[in-house]
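Peer 1: What follows is a structure written as structure tokens; I'll ask about it next.
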Amino acid sequence: MQIKEGYVYHIKSEYFDFVNDDKLMKNHEGNSTRPNYFCVKKENSDILWFIPMSSKVEKYQKIIDNKMNRYGKCDTIVIGNYRGKDHAFLMQNMFPITEKYIDHIDTVNGKALQVASQTRREIMEKVNLIFKLKSKGINLIFPDTDRIERLLIENNNAN
């Protein structure tokens, strides 16, 4: 499967068993294939980064508003368009993953849709800022991404 940045994917449940991180959002709640995950590719790496998406826009808009009032900005959540509807893109919950754990790309009538370009730009600006801050020792991401990345690399090297 060719993985493309800016598209939306679903993850195999075995990923969550493998990484065992209680800060990750739950996968496949009920009989749905939610949540959806926005894909980010880092250059020269087999490690991908997935950003969970939520349709609970009002819930996350309140969090954004609180952060805006408190800090004057919110670098961890973007409300943006996908499939003609607003969704919350949760960079605070993003995590590393490898292709092995991707189940399938999200489609509508058999066609993969890219997240709207303005939304993609805003997400990528914030993702790049989050990675820059992380490299300086400031972590805005809830899951233990360093541990997960080590697990993925070790698992990849073992195969």
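What follows draws every value from the coordinates through simple rules; no lab data is involved. Not measured: the values here are computed from a predicted model. Cβ atoms come from the backbone with ideal geometry, glycine included; neighbour counts cover every protein chain shown.
Peer 1: Give, in nm to one decimal, the length gained when the segment between E43 and Q61 is fully stretched (0.36 nm per residue of separation minus the Cα-Cα distance). If you can, show how the numbers build up before the last one.
Peer 2: Details: separation 18, 0.36 × 18 = 6.48 nm, distance 3.12 nm.
Length gained, E43 through Q61: 3.4 nm.
Peer 1: Which entries in K62/K111; K26/K136; K23/K136; K26/K85 show an alpha-carbon gap greater than 27 Å?
Peer 2: Values: K62/K111 33 Å; K26/K136 29 Å; K23/K136 22 Å; K26/K85 22 Å.
Too far apart for the 27 Å limit: K62/K111; K26/K136.
Peer 1: Evaluate the charge dipole of the stretch 8-152 about its Cα centre and quote only its size in Debye, nearest 20, assuming +1 on the Cβ of each Lys and Arg and -1 on the Cβ of each Asp and Glu.
Peer 2: Working: 24 positive and 19 negative charges, 101 e Å.
About 480 debye.
Peer 1: Mind sorting out which of (1) 20; (2) 13; (3) 28 is the real percent of Cα pairs over 27 Å apart computed from the coordinates?
Peer 2: (1)
Peer 1: Within the chain, what's the longest stretch lacking GluC sites (Glu not before Pro) that sit in DSSP loops with no more than 11 other Cβ atoms inside 10 Å? Spell out each step's value before the answer.
Peer 2: On the way: sites that count: E29, E43.
Between the exposed loop sites, the longest stretch runs 44-159.
Peer 1: Output the relative contact order of the stretch 48-127, whole-number percent, from Cα pairs under 8 angstrom with separation of 6+ residues. Could you put the intermediate results ahead of the total?
Peer 2: Numbers: 94 pairs, mean separation 28.6, N = 80.
Result for the stretch 48-127 is 36 percent.
Peer 1: Given I97, T76, I51, which one lies farthest toward the positive end of the charge dipole of the chain, if we put +1 on the Cβ of every Lys and Arg and -1 on the Cβ of every Asp and Glu?
Peer 2: Farthest towards the positive end: T76.
Peer 1: Place +1 on the Cβ of every Lys and Arg and -1 on the Cβ of every Asp and Glu in the chain, take the dipole about the Cα centre, and give the residue among Q118, T107, G6 whose Cα lies farthest towards its positive end.
Peer 2: Q118
Peer 1: Averaging sequence separations of C-alpha pairs under 8 Å and six or more residues apart, then dividing by the length of the stretch 8-152, give the relative contact order as a whole percent. Each step should come with its number before you reach the end.
Peer 2: Details: 221 pairs, mean separation 41.2, N = 145.
It comes to 28 percent, rounded to a whole number.
Peer 1: Once you've got the GNM for the chain with C-alpha springs shorter than 10 Å, pick whichever of L24, L133, L90 has the biggest mean-square fluctuation.
Peer 2: Judging by the Gaussian network model, the answer is L133.
Peer 1: Out of residues 5 or more away from K42 or on other chains, whose amide H comes under 5 Å of its own, with H placed 1.01 Å from N in the peptide plane?
Peer 2: Those qualifying (amide H under 5 Å, at least 5 residues apart or on another chain) are W49.
Peer 1: Using the Karplus equation 6.51 cos²θ - 1.76 cosθ + 1.60 (θ = phi - 60°), what ³J(HN,Hα) coupling, rounded to whole Hz, does each residue of the stretch 121-138 give in order, writing x for Gly and Pro?
Peer 2: 4, 5, 4, 5, 4, 6, 4, 4, 5, 4, 5, 5, 5, 4, 5, 9, x, 9
Peer 1: Classify the stretch 1-91 as rounded, prolate or oblate, taking a ≥ b ≥ c as the square roots of the eigenvalues of its Cα gyration tensor: rounded when a/c is under 1.5, otherwise prolate if a/b is larger than b/c and oblate if not. Display every interim value, and only then the final one.
Peer 2: Details: a/c = 1.65, a/b = 1.45, b/c = 1.13.
Prolate is the answer for the stretch 1-91, as a/c is 1.5 or above and a/b outweighs b/c.
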